[in-house]
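Q: Quick one: the structure is below, questions incoming.
Bear in mind these aren't lab numbers, they're just calculated from the coordinates by the rules spelled out. Just so it is clear, the structure is predicted and the values come from calculations on it, not from any experiment. In this analysis, Cβ positions are derived from the backbone assuming ideal geometry, glycine residues included, and neighbour counts consider all displayed protein chains.
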Amino acid sequence: MARSIRPLVAGNWKMNGLKSELAIAGAVATGCDAALRQAVDLAICPPATLLAALSDSLAGTGIATGGQDCSREASGAFTGEIAAAMLADAGARYVIVGHSERRTLHGEDDATVRAKAEAAVAAQLVPIICVGETRAEREAGRAVAVVCGQLAGSVPAASGAASLVVAYEPVWAIGTGLTPTAGDVAEMHVAIRAELGRLLGQEAASGVRLLYGGSVKPGNAAELMSVRDVDGALVGGASLVAADFLAIARACA
Ligand code: PGA
């Protein structure tokens, strides 16, 4: 498939992974052949405790690493928080911000997500800004409006195409095995690109990578990744199995 935007497949390990699980990333690196490397950017976002070791072990493989969250603050008396610069110092290139689990379980609103994205950019990281509607919002016919509202509130003004990634993750599809239809994903990604055009200007918007996330598996990746305006995937559960993560990446190539 001819793509105008280089795809990104990012694995979100969430709160999974001890040192022994670094072997999963090793298996991804070993299985990532030259053709795949040439066609797709890969990233793994492990728990913060593994970030430095993972970044070191993947050095030279072309596989990037990322954090799963960052503080909106640069430094200071914020016990338990991790600054974007610390993630960068540990070797990260990306950081996920505004994941629905953060929005829901930690009460993060759009303004918080935007502040975190700005902190990431200030630390030379690329934020992967997550947006997505709940099941009730989709059933009420409000999915596009909700997601566009999240974008308007969460995306830093004056972002360039290279300085952010957007991940559309319907809340009801995360970890459930459910996925939207290809048609629904297409409609949403076209709407996201249009909203980014309004926020950032057409030129920047046309180059932003738009990932789909939520129950992406080897069995559905080819269909989801072939949808118009889908430039890769944010992968949770399946990123913990090297063969599955690689199969999803190959579906983007
Ligand atoms: P899932 O998670 O692939 O396990 O549904 C996706 C995510 O939360 O990023």
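Q: List the trypsin sites (Lys or Arg not before Pro) within segment 162-236 that DSSP assigns to loop and that have no more than 15 neighbouring Cβ atoms inside 10 Å.
A: Arg228
Q: Taking the Cβ of Arg114 as the center, what net charge do the other residues with Cβ under 12 Å away carry, scoring Lys and Arg +1 and Asp and Glu -1?
A: Net of charged neighbours comes to -2.
Q: For Val126, which sequence-distant residues (separation of 5 or more, or a different chain) have an amide H within less than 5 Å of its own amide H, given hydrogens modelled in the peptide plane?
A: Under 5 Å from the amide H of Val126: Tyr94, Val95.
Q: Report, by chain and number, residues whose modeled amide H sits under 5 Å from the one on Ala167, excluding near sequence neighbours (fewer than 5 apart, same chain).
A: Ile129, Cys130, Val131, Leu211
Q: On to the next question. In Å, the Kirkwood hydrodynamic radius of segment 18-252 over pairs of distinct alpha carbons?
A: It works out to 17.8 Å.
Q: With θ set to phi - 60°, apply the Karplus curve 6.51 cos²θ - 1.76 cosθ + 1.60 along segment 33-41 and write out the HN-Hα couplings as whole Hz, x wherever there is a Gly or Pro.
A: 7, 4, 5, 5, 4, 6, 9, 9, 7
Q: While we're looking at this one, here's another question. Taking the chain as a Gaussian network, where each spring joins two C-alpha atoms under 10 Å apart, which residue of Gly60, Gly149, Gly80 fluctuates the most?
A: Largest GNM mean-square fluctuation: Gly80.
Q: Let me check against my output: what whole-number percent is the relative contact order of the chain, with C-alpha pairs under 8 Å and at least 6 apart?
A: Relative contact order for the chain comes out at 21 percent.
Q: Sticking with this one: Treating only the Cβ of Lys, Arg, Asp and Glu as charged (+1, +1, -1, -1), what charge dipole size does the chain show about its Cα centre? Round to the nearest 20 debye.
A: Numbers: 20 positive and 25 negative charges, 62 e Å.
Dipole magnitude for the chain comes out near 300 debye.
Q: Something else about it: Whose amide H sits under 5 Å from the amide H of Gly232, counting only residues 5 or more places off or on another chain, with H placed in the peptide plane?
A: Leu8, Tyr212
Q: Suppose the chain between Asp89 and Glu203 were pulled fully straight at 0.36 nm per residue; how much longer would it get relative to their current alpha carbon spacing?
A: 37.9 nm
Q: In addition: Residues of segment 216-251 with backbone nitrogen within less than 17 Å of a virtual label 7 Å along the Cα-to-Cβ line of Asp33, please, listed as ranges.
A: 243-251
Q: Tell me the net charge near Leu54. Cut-off is 15 Å between Cβ atoms, Leu54 excluded, with +1 for each Lys or Arg and -1 for each Asp or Glu.
A: The answer is 0.
Q: Checking a compactness column here: for segment 157-209, what do you get for Rg(Cα) / (2.2 N^0.38 Å), N being the number of residues?
A: 1.27
Q: Under the rule of -39500 (n - 2.57) per DSSP H run of 4 or more residues, summed and divided by the residues of the chain, what mean residue ellipticity at 222 nm is obtained, to the nearest 500 deg cm²/dmol?
A: Mean residue ellipticity at 222 nm (helix-derived): -13000 deg cm²/dmol.
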